[in-house]
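Comments concern the structure below.
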Amino acid sequence: MRMRTPLAALGLALALFLFVIFISGLFVWQGYRDTLDQGEQRAAAAAKTIAAHFQWIVEASRQSLGRIDDTIGFRPELLGSAELGDMDNAVAGLPANVVVRVFDRTGHELLSTAPTEDEVEIGDREYFQALRGGENFVISRLLVDRATNHQSFVIGRRLVRDGEFAGIAAIVVPSDLIADFWVSLNLGRDSSASIVGDDGWVVTRFPSLERSISLSDHVLFTHYLPEAPSGTYRSEASPADGASRLVGYYRVAGAPLVAVAAVSTETVLSDFRMRMFRIGFGAVPIFLGLAGFAGWVFRLLSHDSRRREELEDALAQNRLLLREVHHRVKNNLQTVTSLIRLQPLPPDSKRDLAGRIAAMAAVHEQIYRSDRLEAIKLDHYIRNIAEGVRSSFDGVSELRFDMKSLALDPERSMVVGLLVTEVVSNSLKHAFPGNAKGTITIRLDTDGDDIRLAILDDGVGFGEPRERSGLGMRLIDSFVRQLEGEHRLKGEGGLDFEVRFPLVNPVASTLKV
C-alpha cells in the first residue's frame, strides 16, 4: 500500500509506453498495407499501359496483314520474288524491328522483309496448323524464330485463294520489344512485364524465359480473370521464377491477350523498410529519453514514498508518545486528586477541587482512548463529567441529556468540562436543599456557526442574580472568555444557564491563515 504511488506511476508509464507501441504498431501496419496497395496500383497502371500498347501493335499488325493479303492478290507476281521490299505501304506503321513473312500452304517461306540464305519451314508450328485448320487470325506463344534464333512471337493471318487455303502472312515480333517497353515503365528491380494468351501460354515476357510456359492452372486464370477483366493480386511465388510480386492484369481489347505487370514485393517493401528505419532512427532516441524520464520520475516517487513512510512512522510514533503523555498526565491528575483527599481541607473544598481536576483528567483520558488526538467527542465528554460530579454528591438528583454529537479541540473541551463541572456542582449544592430530589438537564446543539450549551434544573432557584464577586462566578466568567463566547444566567424557578461560543476556534483559525 505504501508503494502504491510509485507503482501506479510505473504502471501508468508502462501503460503509456504500451499505448505508444500499439499506436506505432498500427502506424507500421497501416504503412505496410498502404505500401502494398500502392505497389498494386502501380502494377495495375502498368498492366493497363502494356495492354494499350499491345492493342496498338495487334491492331497495326492486323491492318498490315490485311494490306499484304490485298497486295498479293492484286500483284501475284510478287510471289516470284524473295523480298517484300516494294510493299512499304503494306507494312507502314509497324515497329521497325519486326519481320514480315509469307508462307505457302505447306509452310515454306515465299517472301520476307529480311530474307536469309536458309530456307525457313514452319509447317510444324502450332500457329501455322491453326491457320491451316481454319483460324483466320492467330497470335502464337513465345517461340524461337528459325531464321534468327531469337525469341519472338508471331501474329499470323490465313491467306485464301479461290476458296482454298493458300498459305499465311505472318509478322514476327521479337521478344526484345517488350524489354524496351519494360524500361519505360520504371517498375523497379525484379519487376516483370508479360503478355499471355487466352489459352494461358506466355506470348512474351521480360525478363525473358527459356521457353513459353502455361499459366492455365495459375490463380490468374482460375480465379481472378473469371471474376474481372482487370485487377490486382499478390503472388507469393511467380510460376516463372518463384519471386514474390504484386501483380496487375488487364485484358487487351480486341485481342485474345492479357497484359500482366508485376512489381517485386521485396523491392516495394525495401522502400517501406527504409522509411521505417529513418523514422525509427529518429524515434528511438525519443523513446529512450521517455524511458529515462520515466525512470527518473519513478526514482523521485520512490524517494518521496520512502520519505512519506518515514514521516508516517514518525507520526505514528509521536501519536503513541502523545497518547502515553496524556495517559501519564491523567494518572498524575488522579494522584493529585488522591493527595487532595488526604489533606485537612473542608469537605466542600476537597470536592470542588477534585471535580475540577477530574474534568481535566477526563480530557486526557478521552485523548488517550481515542484514535483522534486533535478532537474530543464533546457530548460524551460532558456526559462523563456531569455524571462524575453527581456521583460525588449524596443527593438523589437525576441527570438528563439532550445533546447533539459534536467534536471539539482538546484545549477548549477542557474549558467546557471545567465550566460544566462548576455549574453542575453549584446546582447540586444549592438547588436541592435537604437532599431533595430534582432533575438537571444538559442540552448541547449548534446554532449557525456557534455551539450552544444549556444547563437547567428544577430546583429552588436563587431569585436575583448572585454577586459576580464569588469564586464560582469569577471562574464561570473566565471560562466563557477563554471560549470566546457569551453567556446568560437566570435563577427564577430554577437554574437557567446558557453559553454560546464559536464552533471553530477564532484564534486557531487566524494562526492557520
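Scanning the range 290-297 turns up at least one residue that is more than 30 Å from I476 (Cβ to Cβ) and at pLDDT 75 or above.
This table checks each residue for (1) assigned to a helix (DSSP H, G or I); (2) more than 20 Å from A179 (Cα to Cα).
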| position | (1), (2) |
| --- | --- |
| F221 | yes, yes |
| Y233 | no, yes |
| S238 | no, no |
| T267 | yes, no |
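For the range 147-164, the condition of being in the same structural domain as Y250 (by TED's automatic domain parsing) and farther than 24 Å from S112 by Cα holds for at least one residue.
For the range 24-41, a tally of residues being surrounded by 14 or more Cβ atoms within 10 Å (Cβ to Cβ), farther than 10 Å from T232 by Cα and not small (G, A, S) returns 5. Surrounded by fewer than 21 Cβ atoms within 10 Å (Cβ to Cβ) and either in the same structural domain as I357 (by TED's automatic domain parsing) or under 24 Å from V504 (Cα atoms) (or both): which single residue out of S392, S413 fits that description? Among S392, S413, only S392 is surrounded by fewer than 21 Cβ atoms within 10 Å (Cβ to Cβ) and either in the same structural domain as I357 (by TED's automatic domain parsing) or under 24 Å from V504 (Cα atoms) (or both).
Per the listing D118, D217, D124, D145, the residue uniquely within 59 Å of the chain's Cα centre (by Cα), farther than 17 Å from A262 by Cβ and at pLDDT below 95 is D217. Screening D190 on (1) under 48 Å from the mean Cα position of the chain (by Cα); (2) modelled with pLDDT of 90 or more; (3) outside any helix (DSSP H, G or I) shows it passes everything except condition (2). Screening L428 on (1) at pLDDT 90 or above; (2) touching a Lys or Arg at 6+ places or on another chain (Cβ under 7 Å); (3) not basic (K, R) shows it passes everything except condition (1).
In the set (1) surrounded by 18 or more Cβ atoms within 10 Å (Cβ to Cβ); (2) closer than 30 Å to R105 by Cα, the condition left unmet by L215 is number (2). When S413, S425, S397 are checked against the criterion of being among the hydroxyl-bearing types (S, T, Y) and farther than 19 Å from D496 by Cβ, S413 stands alone in meeting it.
Within the range 108-157, the set of residues being in contact (Cβ under 8 Å) with a residue 60 or more places away in the chain, in a loop (DSSP other than H, G, I, E, B) and small (G, A, S) comprises S140 only.
The values are calculated or read from the model by the stated rules, or taken from the named source; none is laboratory data. Treat the numbers as computed from the prediction; the structure is a model and nothing was measured. Here the Cβ is made from the backbone with ideal geometry for all residues, glycine too, and neighbour counts use every protein chain on show.
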